Structures are given as C-alpha cells and as structure tokens.
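Colleague: Have a look at the structure that comes next, please.
A short reminder: the numbers here are calculations on the coordinates, not readings from a lab. Since the structure is predicted, the reported quantities are computational estimates derived from the model, not experimental observations. Positions of Cβ are backbone-derived with ideal geometry, glycine not excepted, and every protein chain shown enters the neighbour counts.
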C-alpha cells in the first residue's frame, strides 16, 4: 500500500538533505539508490513496483522547498597559477621534510636525528639498517592511514576518521613489534651481527618506525607546519644532549628520538582524539567489515612495502657485494652512499612537483568536465592530455636544472671549502653513482606523478604491480652486475628498475587518456 503524503515527504527530505535541487525523476531515482533503497524495498516499504515509480511520486515535492544546498564549481583563475604552483610545491616538499631537515642539519653541524658525517662504518651500518627497516615495515601502514584517514576526514566523518586511524595505527605498531621479535630470533640463532651492533640497529629501528608511523597522522590533517616543527624539535633535543649534557652522538640521537616520539605522539593523538562529529550527520562510528576494509587497503599496504623496498634495496645489494672483505654480510660503503645521498637532494627537490602535478591535473579535470557536453568526450580527453604532455616536459626541464644545481653546489664546495666528504664525492665511482642515481630518481618521481593520477581516479592495482616489477628488476639486475663487475653497478639496477616502473605506469596512463571520460566517472 502506498505510503501517505507526509511519509513520502519525509523520505524526500531525507534523500535531498545537504543536496542541490533535483532536476527530474531520474535524479531522484539516483538519490534513492544512493540512500540504499532497492526495487524490493520500494515494493515492500512504499507499495510501488520499483524505484522509478517511487521517484515519480516524489517529483511534486521538488518545488516545495527553497533551502537546497547550492553547489559552486571551482574554476581555474590562470592569473593565480604562479602562486598556486608555488604553494603546492611547498606542500609537496612537506612529504620529504624529515629527510630535507636531516640533510640540512648534517651539512650544518655534522649530524642530525639519525645521521652523521663522522660516524664509523660500524655505527653507520647499524643506523642505516635500522632506518631502512623502519621505512619498509611502516611503509604500508603509513600509506593506509594517509589514504583511509584522509578519505573519511575529507568526507566530514570525524568519528570514522578517528576510529580507522587508531585501528590502522595499532596494526602498524603490531607489525613493528613483530618484525623486531622476528629479527631478534634470527640474529640470536644465526649470529648475523654482534649483540652491541644489533641492539644499536634495532634501537634506531624501533624509535624511527614509531616516528614515521606517527607522522602519518599529521598527513591526515595536512598539518605540514607541525611536521616541520616536531622534526626541528627532535633536532634540538639531539643538539642539547650532545652539546649541553656531553653525551656520545649515538646516545644523544637515541635520547633525542625518545623525546621526539613522546612529543610527536602527544601532539598527534591530541589532534586525533579531539575529533568529534561536528554536525551530527555522520553515518556512524562503525567501520566497514574487516574483510572489506582489508581488501580496500591491501593495495596501499602492497604499494608502501614495494615502494620503500625499491628505494633502499640497491644500497643493500651494493653494501653486500664485497663479501670477501666485509666483516659482516651487509657493511656500510662510503663511496656508494655518498653518491646516493647527494642524489637524494635532487629527489627531495623534485618530489615537490608531485603535489603540483596532481593539484593542477585535478583543477583542470574538474573545471573542464563541467564545461563540455557528453558529445565532446574526445575533445575533453585531448585537452587534458595536452596539459599532461606540457607539464611532463616542464618537469623534465626542472629536473635537469635541479640535478645540475646539486652538482655545481658540490663543485663550489669542492673548490672553495675542501671538505673531506665533498672531496670524496668528486672522485669516481661516487660521481658516476650520483649521476646515474639522479636519472633514476627523475624517472621514479615522474612515475610517482602518474601514480598519483591513477590513485585519484581509483586505479589502485596497476601502481602496485608497476612498483613490484620495478623492484624485481632493481634486485635482479643489481645483484648480477654488482657481483660480476663491482659494487658500484648496483646503481644500474636502480636505474633499470626505475625505467621499467616508468614504462609500465606511462603505458597505463596513455591508455587511460584514450577513455578519460570513462575513467573519470567510474572513479566516483
């Protein structure tokens, strides 16, 4: 039996709450589906055959209200493009702030939160392995928290933001502890490293893993200033323990990281726990079923694991190449590390462009899609592709300038200051490693730009496969060449792995541009 007029009006008000004015019965049908109703619900609860018929009964209510939410389309103001690009570039750099601050501090005072230019090979090995493990173990959790937490936060679902972040953070901590216990058992039975070296490595691992994991909460709120401040506070803690209390560098860094973790956790969890349902319209506090949540986040865990493994695996390969002379299976190699470290400066500066690329791409995509009819789908795709092509050319030129600027900066230090680690950089094979790694990082960052476009259009699985292929090539080629010709050839694995990653991602992006209208509408 058909519901009363009052009950139909109540249904109409529910499905149009916080929505614009519906145009016709087709849009009302879509709103009913979005609300979760099915044809069987229309028959059982409202006494009509299907949702289309139910929508016909709701059409008369369209003009009974004048309080519909007005939606405005954000258009591009080209006159503001320079300001917007600069702002987004700084925002993009925020993802590399801890690394950037590390580099600046190391150059200025000789040490930072977990690095030092005066560390011996034993300490450098322990710290590096701990850092690498922290990045790889937390990589998936950081990606998952950043994606899912930010998704709920942008939707205004503050309770779900808090709940999912606490859940994923807890999983991240569990993974950190599991890896720590696993490696402790392995080292105990196989005696890979002496106890003092192992404990130092795992100490850095535990403290850095908690730091990286907690920073992901700041990314949810896009609070990049706090990231700068807390990282700088950590440096201050290390400096005080080193200069005021005259502790050893390792002890100072350990104490500084402990203080930093206490501080960063306090700030992050205060921000998180203060989240409340501001408007009373949240869908609830219950997260999706565990199986659904796991399936939706699996690509991000895989991507984080593969990506950070890709970044560090060539070092492990190079450091373990000289097995006859290394005291242990993996041993810090100064020449290789110097080349990679200076290439990392180029990487950090190039990373800022990733935020610019996704912001400008989405600005134009959302702007153009409302200005063209469905009959102009091909023209729409071509217009966005032309912007994509121009932006990639601009990025290539920018990357060349960054790499050259980094090299000439080192050359300037070499000519004028004669610093030891700069002198080592100017020798071979370190300089060749720097050049090859810089090219590899250019391909990597360009791939990341395209991967962000895929993520923005809900294409999550291709990036995981692409990074997986690149990681395999990185390991395979690096292992063969470094063992056949010398440790420095591990960087060729990094280069070819980056090239494979770039090719796979670029081919997928080109395929998407052929049907961009489909990928745009199917993403939401």
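Colleague: Taking the alpha-carbon centroid of each part, what is the distance from region 306-346 to region 82-144 in angstrom?
Modeller: Centre-to-centre distance over Cα atoms comes out at 16 Å.
Colleague: If you don't mind, there's one more thing I want to ask. Just from its helices, what would the mean residue ellipticity at 222 nm be for the chain, if runs of 4 or more DSSP H residues each count -39500 (n - 2.57) and the sum is divided by every residue, rounded to the nearest 500 deg cm²/dmol?
Modeller: For the chain, the value works out to -26000 deg cm²/dmol.
Colleague: Starting from the 7 Å offset along Cα-to-Cβ, what nm value, one decimal, do you get for the label separation of residue 195 and residue 390?
Modeller: Those two pseudo-labels are separated by 6.6 nm.
Colleague: Between the alpha-carbon centers of region 188-251 and region 389-465, tell me the distance in whole angstrom.
Modeller: Between the Cα centres of region 188-251 and region 389-465 lies a distance of 26 Å.
Colleague: Same structure, new question: For the chain, what does the relative contact order come out to in percent, with C-alpha contacts under 8 Å and a separation of six or more?
Modeller: Dividing the mean separation by the residue count of the chain yields 16 percent.
Colleague: If you don't mind, another one. So for the chain, Kirkwood radius off the Cα pairs, Stokes-Einstein at 20 °C and 1.002 mPa s: how many µm² s⁻¹?
Modeller: My calculation gives 83 µm²/s for D.
Colleague: Okay, moving on. Give me the percent relative contact order of region 190-274, please, defined on Cα pairs under 8 angstrom at least 6 residues apart.
Modeller: 35
Colleague: Once you have all Cα-Cα distances for region 179-326, histogram them in 5 Å bins from zero and send the whole-percent values.
Modeller: 2, 7, 10, 13, 16, 17, 14, 10, 6, 3, 2, 1, 0, 0
Colleague: If I take R0 = 41 Å and measure r between the Cβ atoms of residue 56 and residue 376 in this structure, what FRET efficiency does the formula 1/(1 + (r/R0)^6) give, to the nearest 0.05?
Modeller: Efficiency for this residue pair is about 0.85.
Colleague: In addition: Does anyone have the angle between helix 195-220 and the longest principal axis of the chain? Alpha-carbon axes, 0 to 90°, nearest 10?
Modeller: 30
Colleague: At 7 Å along the Cα-to-beta-carbon direction for both residue 290 and residue 221, put a label point, then send me their distance in nm to one decimal.
Modeller: Taking the simple label geometry, residue 290 and residue 221 are separated by 3.0 nm.
Colleague: At 0.36 nm per residue, and after removing the present C-alpha to C-alpha distance, how many nm does the segment from residue 181 to residue 9 gain when stretched out fully?
Modeller: Going from the current span to full extension adds 55.9 nm.
Colleague: Another one. Return a whole-number percent for the relative contact order of region 311-447, with Cα pairs under 8 Å and 6 or more residues apart as the contact set.
Modeller: Relative contact order comes out at 41 percent.
Colleague: What's the exposure ranking of 423, 488, going from fewest to most Cβ atoms within 10 Å?
Modeller: 423, 488
Colleague: Assuming R0 = 25 Å, can you tell me the calculated FRET efficiency for the pair residue 324 and residue 480, based on Cβ-Cβ distance, to the nearest 0.05?
Modeller: 0.90
Colleague: Test of understanding: ordering 300, 295 by Cβ neighbours within 10 Å, fewest first, what list do you get?
Modeller: Arranged by neighbour count, lowest to highest, 300, 295 become 295, 300.
Colleague: Going by how many other beta carbons lie within 10 Å of each one, how would you line up 519, 205, fewest first?
Modeller: Going from least to most buried by this count: 519, 205.
Colleague: Equivalent ellipsoid semi-axes for region 154-234, as square roots of 5 times the alpha carbon gyration tensor eigenvalues: give them largest first, rounded to whole Å.
Modeller: Taking √(5λ) for each eigenvalue gives 32, 17, 6 Å, largest first.
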